[in-house]
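Structure, as structure tokens:
The values are calculated or read from the model by the stated rules, or taken from the named source; none is laboratory data. All figures in this text were calculated on a predicted structure; none of them were measured in a lab. When we count neighbours, we look across all protein chains shown, and the Cβ atoms used for this are built from the backbone with ideal geometry, even at glycine. Note: areas computed on protein heavy atoms with side chains; ligands, DNA, RNA excluded. Shrake-Rupley method; radii C 1.70, N 1.55, O 1.52, S 1.80 Å.
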Amino acid sequence: MTYRAGWIHYTNVAPILDALVLPPGVTAVTGVPTEMNAALLGGRVDIANISAVEFIRHADRLEALPDFSVAVLGPVYSVNLFHTVPLERLRRVALTRQSAMSVALLRVLLRERGLTPTLEAAEGEAETLLAQGYDGVLRIGDSALREWYRLVGPLTPETTMTALPHVGRGVTVTDLAEEWFRLTGHPFTFAVWAYRRENPPPPELVRAMREARREGLGHLAGVAARHGQKLDLPARVVQHYLWNFRYHLEAPDRLGLSEFAALAEPGHAPLRFGPQPGAGRGTLAPSGAGP
Ligand SMILES: C=C(O[C@@H]1C=C(C(=O)O)C=C[C@H]1O)C(=O)O
């Protein structure tokens, strides 16, 4: 029987997916986070890298691979609230329909500050929506990275991504993962690789994913150069963007995930993860996810 994968193929997953060779019997489709969340929950795919909040909301029936994540400690650069007034004065915020995770994170961050702007779904470029009367716009993924860089770039040969300002052309860019770090001191886990508990992925697929991730992270400059061309961004911007991610769902990433789960979905079912690679074969480093 065919095992169906659904991949959110934003640039941030390129170090895992670009080199992936699907084993026989596995097929894959791609889409934006909200599409893949729905595809997994609706039974149209069997495994997907989904918004972590959907994994939390459906923890009673989903399980996640123990060593795969899209997480970050500090700024992420691609989950951005673009705004023209200070956060305290936000009245009307446009949300993206592509993402469940960033919307849930924004709700938590606003609540922690006691802020209650109106939140509405609206698509389009941040600067266009800001010109149309929104005072905040939440965007994610490749387009959010490009819009941020367009506002605050370019890099000079002497500067690094971390030295770029957060304000350009009258627009402030608040990086939600950085805000999360300020609030908790923990990483933020955006995505996990989840499947319905009774239908785990074939071991050959998980092995191929680990192999592909080793390959991608081992040749990050090449991945960054390719995607820089696609995104029309300098390769070193994309390289910094990519090496900043945490792809192994390590203990700090799980801590951030549990903390978020407690804040965003109190009363959720316990989060479940599949067995660690190599579990049961020896006694060394039981919590290590391997390279
Ligand atoms: C950080 C990002 O990660 C993605 C964000 C997701 C979401 O917001 O639901 C889902 C998958 C992640 O790969 C991003 O694309 O900007």
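Just to be sure I understand: with springs between alpha-carbon atoms less than 10 Å apart, which residue in Ala39, Ala163, Ala144 has the highest mean-square fluctuation in the Gaussian network model of the chain?
Ala163
Starting at the first residue of segment 234-241, write each ³J(HN,Hα) from the Karplus equation 6.51 cos²θ - 1.76 cosθ + 1.60 with θ = phi - 60°, in whole Hz, x for Gly and Pro.
x, 4, 6, 5, 5, 5, 5, 3
Under a 5 Å amide H to amide H cut-off, with H placed in plane at 1.01 Å, what residues pair with Gly6 once short-range neighbours are removed?
Here Val29, Asp46, Ile47, Ala48, Asn49 satisfy the definition.
Convert each backbone phi in segment 102-115 into a coupling constant with the Karplus relation 6.51 cos²θ - 1.76 cosθ + 1.60 (shift: θ = phi - 60°), then list the ³J(HN,Hα) values in order as whole Hz, x for Gly and Pro.
Those phi angles translate into 5, 5, 5, 5, 4, 4, 5, 5, 5, 4, 4, 9, x, 9 Hz.
Which percent, to the nearest 5, of DSSP beta bridges fully inside the chain are antiparallel?
If we restrict to bridges inside the chain, about 60 percent are antiparallel.
Assigning unit charges at the beta carbon (Lys, Arg +1; Asp, Glu -1) and nothing else, what dipole magnitude in debye, to the nearest 20, does the chain show about its Cα centre?
Dipole about the Cα centre, nearest 20: 200 debye.
Ignoring ligands, DNA and RNA, what accessible area per residue does segment 6-110 give at 1.4 Å, in Å²?
For segment 6-110, the solvent-accessible area averages 31 Å² per residue.
Once Rh for the chain is found with the Kirkwood sum over Cα pairs, what is the Stokes-Einstein diffusion coefficient at 20 °C and 1.002 mPa s, in µm²/s?
So the translational diffusion coefficient is about 109 µm²/s.
Which residues' amide hydrogens lie under 5 Å from the amide hydrogen of Phe190, considering only partners 5 or more residues apart or on another chain, with H built in the peptide plane?
Placed amide hydrogens put Val70, Ala71, Val72 under 5 Å from Phe190.
Which whole-Hz ³J(HN,Hα) couplings does segment 189-202 yield from phi under the Karplus relation 6.51 cos²θ - 1.76 cosθ + 1.60, θ = phi - 60°, glycine and proline marked x?
Working through the residues one at a time gives 9, 7, 9, 10, 9, 10, 8, 5, 4, 7, 9, x, x, x Hz.
Per the helix-only calculation at 222 nm, which mean residue ellipticity applies to the chain, given -39500 (n - 2.57) for every DSSP H run of n ≥ 4 and division by its residues, nearest 500 deg cm²/dmol?
-11000 deg cm²/dmol
Over segment 214-277, average the accessible area per residue using a 1.4 Å probe and give it in Å², no decimals.
Normalised by residue count, the accessible surface of segment 214-277 is 51 Å².
For segment 79-184, with all protein chains present and a 1.4 Å probe, just round the carbon and sulfur fraction of the accessible area to a whole percent.
Within segment 79-184, the accessible surface is 51 percent carbon and sulfur.
When Lys and Arg each count +1 and Asp and Glu each count -1, what net charge do the other residues less than 13 Å away from Phe273, Cβ to Cβ, add up to?
Overall, the nearby charge balance is -1.
Could you sort 255-264, 224-233, 9-18 so that the peptide with the highest average Cβ count within 10 Å comes first and the rest follow in order?
Output ranking for 255-264, 224-233, 9-18: 9-18, 255-264, 224-233.
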